[in-house]
Amino acid sequence: MPPHSITSSSADQTQAHLPVDPQSLRTAYLEKLLCQQGKFLAVATQNDHYLALAGVVRDRLLTRWIYSAHTFFEQQSRTVAYLSAEFLLGPQLGNNLLCLGIRDAIEAALAGLPYTLEQLIAHEEEPGLGNGGLGRLAACYLDSLATLNIPAIGYGLRYEYGIFDQVIANGEQLEIADKWLRLGFPWEIARPEILVPVGFGGSTEAYTDQHGRYRVRWTPDWTVNGTPYDTPVLGYGTANANFVRLWQAVASDAFDFQAFNAGDYYGAVEAKVRSETISKVLYPNDNASSGKQLRLQQQYLMVACSLRDMIRLYLQRGAALSGLAEKFAIQLNDTHPALAILELMRLLVDEHDQSWDEAWQITQRCFAYTNHTLLPEALEKWGLPLFGKLLPRHLEIVLEINRRFLEQARARFPNDPARLSRMSLIDESGERYVRMAHVATVGSHAINGVAALHSDLLQKTVLRDFAELWPERFYNVTNGVTPRRFIALANPELAALITSALGPGWLNQLERLRELEPLAADAAFVERFQAIKRRNKQRMSEQAERVLGRALDLSSMFDVQVKRIHEYKRQTLNLLHVLTLYNRIRRGQLPRVRRTVIFAGKAAPGYVMAKLVIRLVHGVADLVQRDDEARRWLDVRFMPDFNVKNAERIYPAADLSEQISTAGKEASGTSNMKLALNGALTIGTLDGANVEMREHVGAENFFLFGLHSHEVLQLKAAGYQPRQYMERDPELRAVLDLLGSKELTDGDRDRFEPLLRSLLDLDEYCVLADYRAYIEAQEAAATVFADPHEWTRRAILTVARMGYFSSDRSIAEYCKTIWHTHPVPVTTPRP
Ligand code: NBG
């Protein structure tokens, strides 16, 4: 709650600012150990120390949060509500120190105490409340919103178990439950006084109210409460702080008591446990929809609580609900929160007495929708029986929206029933489903894709009919990433080098990196840049030694593909290249450069093929290791448990960035940006944001290969026969033979049979069609890498030209074209 008055009396000012000099910080720290952790120095654990430090830092960032909340309340600021089922925030301590600018003071304060700041930062376990790019994008956007002084709230779910921890045993992925809350998460503030009841199931009943209006009453048959936990999100270079508000399911007492009074104590407790499972666990699928009832419950809990919260905040000012869209710009991060459209209609019509037309106007003006994928398996749809059973009133509402929408579409496209059935919010081609992408599109005033190519394909394929009906509602906003985390925190030496060249301020104006261009020809600068890359490789090698037991060859090319394991991302193509090099080495044909091929990424637990790819990485790694000559040239590594923390160690060490998805499949990609900003050159297809990255860094600094997206479609339409590619290319055949041989699997010849089958029979992702072009692009990369000066020159130019891909630019575009919001600077009193 924003405070109702913060006076500017001097007493308040001194309280508002806790001291940040090393001596006071040290005192505060020791106090936290004692008064918060209940420990004295001799018995405090590392976790006690971490929590003590986090407490000191949190106390100091709350000032900014409170002043921000106060300012936004006073000014009745327009607020962005970013609704997302995932927020992959990453570790908090380092980022908060960076934003507060007290890192050095803390380091000094800890002098002579048992743990260094570095150790305590390394101790932190991150809240893994997301799968991959989509969740991390949400976190980057919160960072930029705060940095750009845009009032915003991130709304999501507080999963008790985030994305599983990945452990590798005998070359296979094992999933371990992620108990991220076990040792405490000190950055959040619980708000137990806020409880939002959320109904499920039951029935609806029509009636006429006292004004003679048709009304509907929904009587759910069970209710769960949502309660929020807030985590502040600081801006960089500004006093503004926003927050992410994550909902947790708690059993509703009313429900318990009914059963209890009937003498069924055990049943009551069981029901409590059942309703609390709603926010238990994050579904571990990236780019795939599970269609499960529990997932639908999660989505409804999230949107019902978030909307009720917005309306509560709005009504505090005593305004009429008709102005809701002036107060909130609600962004749907993919369709996971798209039920919000139906829920807002229900709240306005059933609970706040609005007419359908008024309610629909408000709703459409509130919402905007970002699509993040064209993959059919990821487009969410809910079977009508399940939907109607869980959300009977929302089913009626979606049917009514659809009826009105189809009427409008029919007027525009008369005599085109095929088009109308394609556009319908309900898929009636077989069993009936609610199509969430259509709900999101129809209920929004703006729809956007996440890279130029993706937005274009979105309007030509998945949402084509809608783009023809409402071309003015479609936009592109190319993704971006935050340079605070992915340069300043991940690669402090590079950040310092850039500051030494450009002076301060570039982290908030990333386009200024362009001023580095002339330095690509400056021998001293090139040398410093190289030395930093080498030290980053050294640190990564130490990490590899700790977790895999063997250091890395620092003079080799670090060839990096780190992202979720998915067939469309084609980790297999990368492995076919490694096997090609292996076969060549065995034939005495030595490569130009030594390579360390680094993989990392999680596979969805139920995705059999992706898990097999992880086994294949390990199979290929072992094969190479067993051969004395191959081992001198090649090293294949799988770094387990890819998450934000590990990513921050890997990106700065990369020489080559693998962005090799089948053209048309990767909506944007964001690791492509993070790697390039850390000075990696890209080998990639014309897919997602690669297209724009190549335009920015210059074609001559990008190793391009492969079919274009329209060529992929043409190839398939012409009846793609992957076997022909094998038959025409003896080197490819030899590699595929190796894949099916017992050499790779020490005996178990059939292990990779399903992978081989899928490549030869269907090859959905055109791996074989792109094989030869990929091998050639890899040769081009090796040739340049053999000339370290030339490689570094291109790496510097790449960094210099990547400024466009800051999430600050993306957010500025959303603000201007979609949200129509403006900065609200916050001032805290001077300490
Ligand atoms: C992912 C895309 C990525 C994109 C991120 C963020 C989903 C559904 N989509 O290419 O696969 O970078 O979203 O936009 O997870």
Return the aspartates and glutamates within reach of LYS389: Cα separation strictly under 20 angstrom, same-chain partners fewer than 8 residues apart disregarded; answer none if there are no such residues.
-> GLU205, ASP221, GLU276, GLU343, ASP350, GLU380, GLU400, ASP427, GLU428, GLU431
What 222 nm value per residue comes from the helices of the chain, counting each DSSP H run with n ≥ 4 as -39,500 (n - 2.57) and dividing by all residues, nearest 500 deg cm²/dmol?
-> -14000 deg cm²/dmol
PRE zone check, label point 7 Å out along Cα-to-Cβ of THR277, amide N under 18 Å, scope the stretch 177-207, hits 177-178, 200-201
Starting from the Cα-Cα distance between ARG772 and GLU377, subtract it from 0.36 nm times their residue separation and give me the gain in nm to one decimal.
-> 139.3 nm
Please work out how much length the chain gains when fully extended from HIS820 to GLU326, using 0.36 nm per residue of separation minus the C-alpha to C-alpha distance, in nm with one decimal.
-> 176.9 nm
Across LYS563/LYS645; LYS381/LYS563; LYS179/LYS280, pairs whose alpha-carbon gap is larger than 20 Å | LYS381/LYS563
Can you pull the one-decimal nm distance between simple spin-label points at ARG546 and HIS17, each 7 Å off the Cα toward Cβ?
-> 3.7 nm
Could you rank MET302, MET609 by how accessible they are, 1.4 Å probe, largest area first?
-> MET609, MET302
Mind grabbing the accessible area of LYS179 for me, 1.4 Å probe, Å², rounded to tens?
-> 110 Å²
Choose one of HIS822, VAL624, VAL735: the residue whose Cα lies farthest towards the positive end of the charge dipole of the chain (beta-carbon charges +1 Lys, Arg; -1 Asp, Glu; about the Cα centre).
-> HIS822
Rg [Å, one decimal], Dmax [Å, integer] - the chain, C-alpha atoms = 27.5, 90
Selection from ILE341, LEU634, LEU374, by position along the positive dipole direction of the chain (Cβ) | LEU634
With a 1.4 Å probe and every protein chain left in place, tell me how much accessible area SER355 has, in Å² to the nearest 10.
-> 40 Å²
With every protein chain in place, the chain: carbon and sulfur % of accessible area (1.4 Å) = 52 percent
Over the Cα atoms of the stretch 441-537 the radius of gyration and the largest Cα-Cα distance (Dmax), both in Å, equal 20.2, 57
Taking only C-alpha pairs under 8 Å that are 6+ residues apart, what is the relative contact order of the chain in percent?
-> 14 percent
FRET efficiency (ALA418, ARG632; Cβ distance; R0 56 Å; to 0.05) is 0.35
Under-5 Å amide H pairs with VAL636, H placed in peptide plane, nonlocal only | VAL597
Cα-based reach from LYS716 at 25 Å (exclusive), listing lysines while leaving out same-chain residues under 8 positions away | LYS460, LYS569, LYS665
Pairwise label distance in nanometres, ARG534 with ARG464, each label 7 Å out on the Cα-Cβ vector = 5.5 nm
Kindly report, to the nearest 10 Å², the accessible surface of VAL608 as traced by a 1.4 Å probe over protein heavy atoms only.
-> 110 Å²
The stretch 53-151: relative contact order in percent, alpha carbon pairs under 8 Å with at least 6 residues between | 41 percent
With a cut-off of at most 10 other beta carbons within 10 Å, and DSSP calling the residue loop, which chymotrypsin sites (Phe, Trp or Tyr not before Pro) in the stretch 299-360 qualify? Please list them.
-> none
Per residue solvent-accessible surface (Å²) - the chain, probe of 1.4 Å | 38 Å²
Would you calculate the separation in nanometres between label points at ALA523 and ARG733, each defined as 7 Å from the Cα along the Cα-to-beta-carbon direction?
-> 5.2 nm
DSSP bridge pairs, the chain: antiparallel proportion in percent, nearest 5 = 45 percent
Write down Rg/Rh for the stretch 700-766, rounded to two decimals, with Rg from the C-alpha atoms and Rh from the Kirkwood relation over Cα pairs.
-> 1.07
Gain upon complete extension [TRP356, SER290; 0.36 nm per residue less C-alpha separation] | 20.5 nm
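The values are calculated or read from the model by the stated rules, or taken from the named source; none is laboratory data. This one's a predicted model, so the numbers in the text were calculated from it and none came from an experiment. Heads up, the Cβs are rebuilt from the backbone with ideal geometry, glycines too, and the neighbour counts pull from every protein chain shown. Accessible surface is based on the protein model in full, side chains and every heavy atom, while ligands, DNA and RNA are left aside. Shrake-Rupley method; radii C 1.70, N 1.55, O 1.52, S 1.80 Å.
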